[in-house]
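The values are calculated or read from the model by the stated rules, or taken from the named source; none is laboratory data. Because the structure is a prediction, the values reported are computed rather than measured. Note that we place each Cβ from the backbone using ideal geometry, even for glycine, and neighbour counts take in every protein chain shown. For accessibility, only protein heavy atoms count, side chains too; no ligands or nucleic acids. Shrake-Rupley method; radii C 1.70, N 1.55, O 1.52, S 1.80 Å.
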Amino acid sequence: MPLALLALAISAFGIGTAEFVMMGLLPDVADDLVTSVPTAGYLVSAYAIGVVLGAPLLTAVGSRVPRRRMLLLLTAMFTLGNLASALAPGFGWLVAGRFVAGLPHGAFFGVGAVVAARLVPEGRQARAVATMFLGLTVANIVGVPAATLLGQHLGWRATFLVVTVIGLSSMAALARLVPPVPVEAHEGVGRELRALGSRQVLLGLLTAVLGFGGVFAVYSYLSAMTTEVMGFGESAVTLVLALFGIGMTLGALAAGPLTDRALRPTLYGSLSALAVVLVVFPLAVDVKWAALVMVVLLGAVGFMTTTPLQMLVMKKAKDAPTLASASNHSAFNLANAGGAWLGGAAIAAGWGWTSPALVGAALTVAGLAVAVTAGVLDREGSGTSRVVAGPGSPARRKSPADLR
């Protein structure tokens, strides 16, 4: 494994910790800044909005910047956003800091995925991308629980100072370990935008919004389910979240080689498995050991979808994959927001604490339907060639372009 992938994974670890730790710190932030927990929830939204807006914007602006330099600039913005969060004098400034920290998130993973794929030979690209994402999954096992405990004992500002240090360490690792990766001559904003408008890319992004929305419909309320349904005390919440992170890591490890071998079957299989897990979830969570197994499975099959989706949009964007790759993370954050909202609506309607799982199953089935439709259209588009021969002339194979 190239050491450059380690540098990308370290950066992903810091980004993942910063993204998810706020969920565990909301009560502490609300108490310290004299606001309500629901209002403090805007800090989660501010980061997500930053991701959605920053992914296409920063990727387009930096389309001509050499890749290593772009990664360093994005990590610097992330680091400054977390430093601003740590030093925020009030709630409004903290919201602004979270927004700034979220802006480079999608662009970093978009550029990072392209760099990771170029560092390894053909046939191992999905494994390289999955290795980078391991940093994100490990953040949910180690970074988020540790940072949450740190914030609870030393104050939430200490958490963001630690994330700032991780950001600085990431910059040093990127500068030292990632080789220069120039921008290809054919890459540019116009070509990237045209690639983003490809039907296959758009269907891939829609699959991410719907399919991964099923994961966040449950994950957003996993802490409440732990105490309200599974029968554990509040002290077990950290353990349950860590088990979800372990599942994510196992899914990422499996997704890389499977995607390299068969991209679309891996996507179909992971979405199908996710739908099954979400349907079974409400039936199993009343038994403690079964509930813990389901949490691990949810993280595993849910995160198995990320690598094939990432590789799919990169491949279908052909020679302009960076913007499509970054926009995939906008899609994942839309899935975060949409899944959480629909899951919360189900709970508010009185359907019970486990109802988000069935909502998530419906979203995942919809995502699977979009993925299968995209696969059928892709086969039809590439398999319409036929042999046409004229009198006295040799037979030749007509391309799809000839037939239009």
Check your understanding: In the range 135-174, which residues have a backbone nitrogen under 19 Å from the label point lying 7 Å from residue 234's Cα in the Cα-to-Cβ direction?
Key -> 145-157
Practice item. State the label only: which of (1) 62, 54, 41; (2) 65, 48, 35; (3) 86, 48, 35 corresponds to Cα extents along the principal axes in Å computed from the shown model? Key: (3)
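In the range 266-339, what percent of the accessible surface is made up of carbon and sulfur (1.4 Å probe, ligands and nucleic acids excluded)? It would help to have the intermediate numbers written out before the result.
Values: 1630 of 2160 Å².
Heavy-atom surface of the range 266-339 belonging to carbon and sulfur, 1.4 Å probe: 75 percent.
So, by mean Cβ neighbours within 10 angstrom, what's the order for 212-224, 300-312, 239-251 with the highest one leading? Working shown, then result.
Details: 212-224: 24.8, 300-312: 28.4, 239-251: 22.2.
In descending order of packing, they fall as 300-312, 212-224, 239-251.
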Review point. Can you give the FRET efficiency for residue 32 and residue 264, using 1/(1 + (r/R0)^6), R0 = 35 Å, r = Cβ-Cβ distance, to the nearest 0.05?
Key: 0.15
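What Kirkwood radius, in Å to one decimal, follows from the Cα pairs of the range 328-386?
After inverting the pairwise mean of 1/r, the radius is 13.5 Å.
If each residue of separation counts as 0.36 nm, what is the full-extension length gain between residue 286 and residue 152 once their alpha-carbon separation is subtracted? Write down the numbers at each step before the final one.
Details: separation 134, 0.36 × 134 = 48.24 nm, distance 2.93 nm.
My answer for the length gained is 45.3 nm.
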Review point. Hey, if you put +1 on the Cβ of every Lys and Arg and -1 on every Asp and Glu Cβ in the chain, which of 56, 375, 255 ends up farthest toward the positive end of that dipole?
Key: 375
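On average, how much accessible surface per residue is there in the chain, in Å², for a 1.4 Å probe, leaving out ligands, DNA and RNA? It would help to have the intermediate numbers written out before the result.
Values: 16400 Å² over 404 residues.
With all protein chains present, the chain gives 41 Å² per residue.
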Exercise for review: Can you tell me the 0 to 90 degree angle between the C-alpha axis of helix 237-261 and the longest principal axis of the chain, rounded to 10?
Suggested key: 10
Study note, to complete from the structure: The distance between the Cα centres of the range 274-289 and the range 83-160, in whole Å, is 29
**Study point:** Packing-based ranking, highest mean first, of 360-367, 347-354, 22-29 given that Cβ atoms within 10 Å are counted
**Key:** 360-367, 22-29, 347-354
Review point. How far is helix 42-61 tilted off the main Cα axis of the chain, in degrees rounded to 10, range 0 to 90?
Key: 30
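Where nothing but the Cβ of Lys and Arg (+1) and of Asp and Glu (-1) is charged, how large is the charge dipole of the chain around its Cα centre, in debye to the nearest 20?
1720
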Study note, to complete from the structure: Helix 125-138: inclination vs the chain longest Cα principal axis, degrees, rounded to 10, gives 10
Study note, to complete from the structure: Only helices counted: for the chain, with every DSSP H run of 4 or more residues adding -39500 (n - 2.57) and the sum spread over all residues, [θ] at 222 nm is -26500 deg cm²/dmol
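In terms of the Cα gyration tensor, with a ≥ b ≥ c the square roots of its eigenvalues, is the range 193-344 rounded because a/c is under 1.5, prolate because a/b exceeds b/c, or oblate? Before the final figure, lay out the partial values.
Details: a/c = 2.58, a/b = 1.95, b/c = 1.32.
Prolate, since a/c reaches 1.5 and a/b exceeds b/c.
Please state the shape class of the range 272-329: rounded when a/c is under 1.5, otherwise prolate if a/b exceeds b/c and oblate if not, all from the C-alpha gyration tensor. List each step's numbers first, then the result.
Values: a/c = 4.73, a/b = 3.76, b/c = 1.26.
The shape class here is prolate.
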**Study point:** Spatial separation of Cα centroids for the range 2-28 and the range 302-381, in angstrom
**Key:** 22
Study note, to complete from the structure: Whole-percent carbon and sulfur contribution to the accessible surface of the range 91-156 (1.4 Å, no ligands, DNA or RNA) stands at 69
